[in-house]
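> Structure below; questions to follow.
What follows is calculated from the coordinates using simple rules that are stated; it is not laboratory data. These figures come from a predicted structure and were not determined experimentally. Glycine gets a Cβ as well: all are built from the backbone with ideal geometry, and neighbour counts include every protein chain shown.
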Amino acid sequence: RKEVEQDPGPFNVPEGATVAFNCTYSNSASQSFFWYRQDCRKEPKLLMSVYSSGNEDGRFTAQLNRASQYISLLIRDSKLSDSATYLCVVSGDSSYKLIFGSGTRLLVRP
Amino acid sequence: DTAVSQTPKYLVTQMGNDKSIKCEQNLGHDTMYWYKQDSKKFLKIMFSYNNKELIINETVPNRFSPKSPDKAHLNLHINSLELGDSAVYFCASSQSRGGYRAEAFFGQGTRLTVV
């Protein structure tokens, strides 16, 4: 089983749609969780950290379910500029290790 | 000011050559990483250094030798380059936070092509 698993997509949605991505992780001892965004031929950039209580940043909402070892990202009112690959990131069995999922590609069409 | 900078941005070289990639961070972080992103876009950790000490080596061939002269710098030297080494190499840094790991910041990547 992969340490961090994501649906690769692509998710093809119209502008204004709401879209949700899921991610599962295998290590129950993981303590840190993030969503990153990566544009084509660019470096990954932090979108948001994921906290146990869930957190929201504008149109983006992240949730963590430790019991099911599951993280989600919800994007409301999708914009064309949201088109990118979204990477789920989890700390590993060592806090010195950040493990990336393979990413979920989002395409927002006009 | 660029927080994590790596050079060069592009590197094209022949099989068998030796090359180095340099990375510097000005964020004061205690941990630095090398990641490899292959043609399938999967980001895989190669090495992790904390305060200049190697913490993680993810079964990378020993042709790859990282070096951290101080906690702001982490370089990657690759000997006897092979076609399969072609990829984008990302340097990153983050800060330990009482057993938790804060978010990582990435350099712009080095696109290595071995011909």
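> For each pair in B:Lys36/B:Lys67; B:Lys19/B:Lys44; A:Lys2/A:Lys42; A:Lys2/B:Lys71; A:Lys97/B:Lys19, compute the distance between the two Cα atoms and list the pairs where it is over 22 Å.
Over 22 Å Cα-Cα: A:Lys2/A:Lys42; A:Lys2/B:Lys71; A:Lys97/B:Lys19.
> Using Cβ-Cβ distances only, list the Cys residues of chain A with no partner cysteine under 4.7 Å, sorted by number.
Within chain A, the cysteines lacking a partner Cβ under 4.7 Å are A:Cys40.
> Now, a different point. Which FRET efficiency value, to the nearest 0.05, do you get for B:Ser96 and A:Glu15 by plugging their Cβ-Cβ distance into 1/(1 + (r/R0)^6) with R0 = 35 Å?
0.30
> Residues of the range B:43-87 with amide nitrogen under 13 Å from the 7 Å Cα-to-Cβ point of B:Gln14?
The answer is B:81.
> Follow-up question, since we're still on this one. Please compute the net charge surrounding A:Arg59, taking Lys and Arg as +1 and Asp and Glu as -1 over other residues with Cβ under 10 Å from its Cβ.
Around A:Arg59, the charge tally is -2.
> Tally Lys/Arg at +1 and Asp/Glu at -1 over every other residue whose Cβ is under 15 Å from the Cβ of B:Gly16; what's the total?
So the environment of B:Gly16 carries a net charge of -1.
> Between the alpha-carbon centers of the range B:1-54 and the range A:56-87, tell me the distance in whole angstrom.
Each part's Cα centre sits 27 Å from the other's.
> Spelling out what I want: for every residue of the range A:27-36, take phi, set θ = phi - 60°, compute 6.51 cos²θ - 1.76 cosθ + 1.60 (Karplus), and round to whole Hz; glycine and proline get x.
9, 5, 8, 4, 10, 10, 9, 9, 10, 10
> On average, how many beta carbons from a partner chain sit within 10 Å of the beta carbon of a residue in B:23-34?
1
> Highest GNM mean-square fluctuation, chain B, Cα pairs closer than 10 Å: which of B:Ala92, B:Ala102, B:Ala72?
Comparing B:Ala92, B:Ala102, B:Ala72 in the GNM, the peak value goes to B:Ala102.
> Next question, about the same structure. For the residue pair A:Arg76 and A:Lys42, what label-to-label distance in nm results when each label sits 7 Å from Cα along the Cα-to-beta-carbon direction?
2.4
> Net charge near B:Lys52: determine it from the other residues with C-beta under 10 Å of the C-beta of B:Lys52, scoring Lys and Arg +1 and Asp and Glu -1.
Local charge sum for B:Lys52: -1.
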